[in-house]
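Inspection log for the structure reproduced underneath, given as structure tokens.
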Amino acid sequence: MSDTEAPLPTTGAPEPELVELTHALRRALLARGEFLAPAWVEESARDLRRGDLPGWVYRGEAPALGFLSVRARRAYGHVHATPSPVAVERAERLLVALEGALPPTAGRLDVGLTGLGTADEDALSHRLASRPGWTTLERWAMDRPLDGPPPPPAVPGPGAVRRPVAEVPLEALGQLDWVGYAGTPDEGLVADTPEEDTRILEEIVDGRLGRFLPEASTALVSPHEHLLGVVLVAEQSAARAVVLDLVVHPAHRRHGLGQSLLDHAVRASTALGYHEVRLWVTTANGPARRLYERSGFRRAERAMIYRFDRPSDASPAHSQRER
């Protein structure tokens with residue numbers, strides 16, 4: 001079955017329909033273990049209706065929604081499609097619409113997807129492979145049940161001292177995050193500047209991405225108080241804690257600091273009464289994946305990121321280092 005219908009700007013859709021679609025998107029994210037604040041649903045529907053948030057929509061029996069948020073050098077978007085015989089085509093057309101809305105200053109677009117099954121996601125990836133500039137990143141949620149024996153007490157590692165996250169300036173956390181993810185497959189999935197990184201970490205600590213768990217979170221510093229690594233943990237549900245960030249400074253890797261941080265998060269989550277710990281990892285990030293697998297984490301949920309990179313000769317921003 002082929003679909004010839006083009007998506008419409010969300011400014012032309014009734015707000016109640018947009019609310020239904022944003023509710024469906026949030027439900028899909030929660031179902032696969034991601035957090036999205038309830039207030040986002042109606043706020044985003046209003047922004048889409050007013051045009052403050054650029055978006056496109058399919059109405060009728062197989063509704064679908066796509067929108068993007070543009071920042072200085074990068075844009076982030078999301079596509080939510082209702083399963084149907086035309087869902088893959090509609091998702092592709094929404095992605096192309098987002099690509100077309102990318103301003104000249106933005107060199108990259110990362111788009112999440114909900115609503116489609118694994119086979120349709122793979123079909124969409126195959127279709128995008130023939131479009132210049134598009135690639136697909138596979139990410140997995142990994143879970144560790146807490147019904148068995150916890151890891152041994154986490155030793156900070158040689159030359160490392162443990163500190164509560166509250167004692168570390170947010171700017172230092174943001175700079176560590178920026179440096180720590182540079183050059184990895186996860187580079188650029190969250191922020192495009194150190195300042196943006198700091199703002200997102202502030203949201204985590206303030207509990208806007210799930211109730212922050214200071215007992216399960218910790219920082220490691222050198223004897224001279226240089227920040228070496230950090231793990232940030234939040235509550236995803238009454239039964240599950242989620243590791244939202246785990247990073248070690250590149251100059252201090254391969255000394256067991258990542259393992260120490262992860263062990264602390266697992267032991268503390270067990271003590272707090274959670275039944276499971278979850279984290280997310282990009283499939284291509286082999287070192288991180290191996291660390292998590294050694295620690296008893298196993299694949300649970302898959303999520304795809306559809307990435308568009310503008311050719312370097314088409315964007316003045318593309319040549320700058322991006323996170």
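The values are calculated or read from the model by the stated rules, or taken from the named source; none is laboratory data. Being a predicted model, the structure only gives us computed values, none of them experimental. FYI the Cβ positions are ideal-geometry reconstructions off the backbone, even for glycines, and counts take in every protein chain you see.
Residues that are over 28 Å from GLU301 (Cα atoms), at least 3 per element: which strands (runs of 3 or more DSSP E) completely within segment 103-217 meet that?
Those strands (runs of 3 or more DSSP E) span 161-163.
Step by step: first the residues of segment 247-285, then only those that are of a type in the set (D, E, K, R) and not in a strand (DSSP E or B), then the one that is surrounded by the fewest Cβ atoms within 10 Å (Cβ to Cβ). Which residue is that?
ARG254
Since ALA64 meets every condition but one in (1) buried (at least 19 other Cβ atoms within 10 Å of the Cβ); (2) farther than 23 Å from THR282 by Cα; (3) in contact (Cβ under 8 Å) with a residue 60 or more places away in the chain; (4) among the aliphatic types (A, V, I, L, M), which condition does it not meet?
Result: ALA64 fails condition (3) only.
I'm checking my understanding of the structure. Among residues of segment 6-34 that are polar (S, T, N, Q) and out of contact with any Asp or Glu (no Cβ under 8 Å at 6 or more places or on another chain), which one is farthest from ARG144 (Cα to Cα)?
THR11
Residues being without any contact (Cβ under 8 Å) to a residue 40 or more places away in the chain and under 22 Å from PRO311 (Cβ atoms): count how many of those fall in segment 68-97.
Summing the residues that are without any contact (Cβ under 8 Å) to a residue 40 or more places away in the chain and under 22 Å from PRO311 (Cβ atoms) in segment 68-97 gives 6.
Tally up the residues in segment 134-148 that are modelled with pLDDT of 95 or more and over 18 Å from LEU244 (Cα atoms), please.
1
Of all residues in segment 302-323 being modelled with pLDDT of 90 or more and of a type outside the set (Val, Ile, Thr), which is surrounded by the most Cβ atoms within 10 Å (Cβ to Cβ)?
Among residues in segment 302-323 that are modelled with pLDDT of 90 or more and of a type outside the set (Val, Ile, Thr), the one surrounded by the most Cβ atoms within 10 Å (Cβ to Cβ) is TYR306.
Name the one entry in ALA288, ALA239 that is buried (at least 17 other Cβ atoms within 10 Å of the Cβ), over 15 Å from the mean Cα position of the chain (by Cα) and outside the structural domain of GLY77 (by TED's automatic domain parsing).
Exactly one of ALA288, ALA239 is buried (at least 17 other Cβ atoms within 10 Å of the Cβ), over 15 Å from the mean Cα position of the chain (by Cα) and outside the structural domain of GLY77 (by TED's automatic domain parsing), namely ALA288.
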